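Engineer: After the structure tokens below, expect a handful of questions from me.
The values are calculated or read from the model by the stated rules, or taken from the named source; none is laboratory data. Keep in mind it's a predicted model, so treat the numbers as computed, not measured. Ideal geometry is used to build each Cβ from the backbone, glycine not excepted, and the neighbour counts take in all protein chains shown. Areas reflect the complete protein model, heavy atoms only, side chains present, ligands, DNA and RNA absent. Shrake-Rupley method; radii C 1.70, N 1.55, O 1.52, S 1.80 Å.
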Amino acid sequence: MSELAATATQLDQAGRALAQEAARYTRMGWMRGTSGNLSVTLNRDPLRLAVTASGLDKDELTSRDIVVVDETGAAVPGGSLSGRKPSAEAGLHARIASVTGAGAVVHVHVLAPVVAAERWPAGVELRDLEMLKGFGRAAHDDLVTIPVVPNSQDMVVLGDAFEAGFDPATPALIVARHGLYVWGEDLHSARNRAECLEWLLRFSLETRADAGGQPASGRWT
């Protein structure tokens, strides 16, 4: 248990939960092909995450299709029951979990955040919408900016960009032309936040006519 920092029971429970969530996101169309990955935090010191294995259809995962990774996103010895490898993106999962204290991180390839980032690359501003409550923010008089960072194949670069713009009150990150990361205390809260944020971003895309991040006609619609 020294390297894994988790028991067989913990790994089985984590694997089942991750497989269930991945199947749900796949049915929603948010994990097309083999895209996306999910993680849960198993241990804080040393940091250990269970991450969905790379290269698999996310609607067909079993409890064994996870990999235990360390604080850099690298697989630990004995960390894969199925012999699979973690996605390179596990490094960003680990960075987010380390910085935010999150119990779960969700990375999905849902379209609305990617389009919103294309339109507002300096960050997507949201306010005065009831659905913000589901994202953990106030429905009124609370300007929420979802940070956008340029895509990179280097998870250290992405992690540095995430940390540079990190706001503890905003549990999400859009990677431009790539996808969305959302986190929470567990998979359930991360999913709720992701679903609410997707609605908020679709609303903005369909109602705001501006291209520079300011509300159309000088007001929020």
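Engineer: Along its three principal axes, how long is the chain when you only count alpha carbons? Whole Å, largest extent first please.
Structural biologist: 58, 33, 29
Engineer: So, one more: Within the accessible area of region 1-125, what % is carbon and sulfur when the probe is 1.4 Å and the other protein chains stay in place?
Structural biologist: On the way: 2550 of 5320 Å².
Summing carbon and sulfur atoms, their accessible area is 48 percent of the total for region 1-125.
Engineer: How far, in degrees from 0 to 90, does helix 8-28 lean away from the longest principal axis of the Cα atoms of the chain, to the nearest 10?
Structural biologist: 40
Engineer: Between beta-carbons, use under 15 Å as the cut-off and find the net charge around residue 44, counting Lys and Arg +1, Asp and Glu -1.
Structural biologist: On the way: positive: 48, 95; negative: 45, 70, 71, 185, 186.
So the environment of residue 44 carries a net charge of -3.
Engineer: In addition: What is the set of long-range amide H partners of residue 48 at a cut-off below 5 Å, with H atoms built 1.01 Å from backbone N?
Structural biologist: 42, 43
Engineer: Now, a different point. So what's the net charge close to residue 154: Lys and Arg +1, Asp and Glu -1, counting the other residues with Cβ under 15 Å from its Cβ?
Structural biologist: Residues near residue 154 contribute -2 overall.
Engineer: Still on this model: Given a 1.4 angstrom probe, what's the average accessible area per residue across the chain, in square angstrom?
Structural biologist: Accessible surface, normalised per residue, equals 45 Å².
Engineer: Using a 1.4 Å probe and ignoring any ligands, DNA or RNA, find the accessible area of residue 4 and quote it in Å² to the nearest 10.
Structural biologist: The accessible area of residue 4 comes to roughly 30 Å².
Engineer: If you don't mind, another one. Would you tell me the accessible area of residue 140, worked out with a 1.4 angstrom probe on the heavy atoms of the protein chains, in Å² to the nearest 10?
Structural biologist: Using a 1.4 Å probe on the heavy atoms, I get roughly 110 Å².
Engineer: For a bin width of 5 Å, list the pair-distance distribution of region 76-185 built from all Cα-Cα distances, rounded to whole %.
Structural biologist: 2, 12, 21, 23, 21, 11, 6, 3, 2, 1
Engineer: Sticking with this structure for a sec: Using the Karplus curve 6.51 cos²θ - 1.76 cosθ + 1.60 with θ = phi - 60°, work out ³J(HN,Hα) for each residue of region 139-145 in order, rounded to whole Hz, and write x for Gly and Pro.
Structural biologist: For region 139-145, the Karplus curve yields 6, 9, 6, 9, 7, 10, 10 Hz.
Engineer: If you take the alpha carbon radius of gyration of region 1-123 and divide it by 2.2 N^0.38 Å, what ratio comes out, to two decimals? Numbers along the way, then the final one.
Structural biologist: Details: Rg = 14.3 Å, N = 123, 2.2 N^0.38 = 13.7 Å.
Cα-based Rg divided by the globular estimate yields 1.04.
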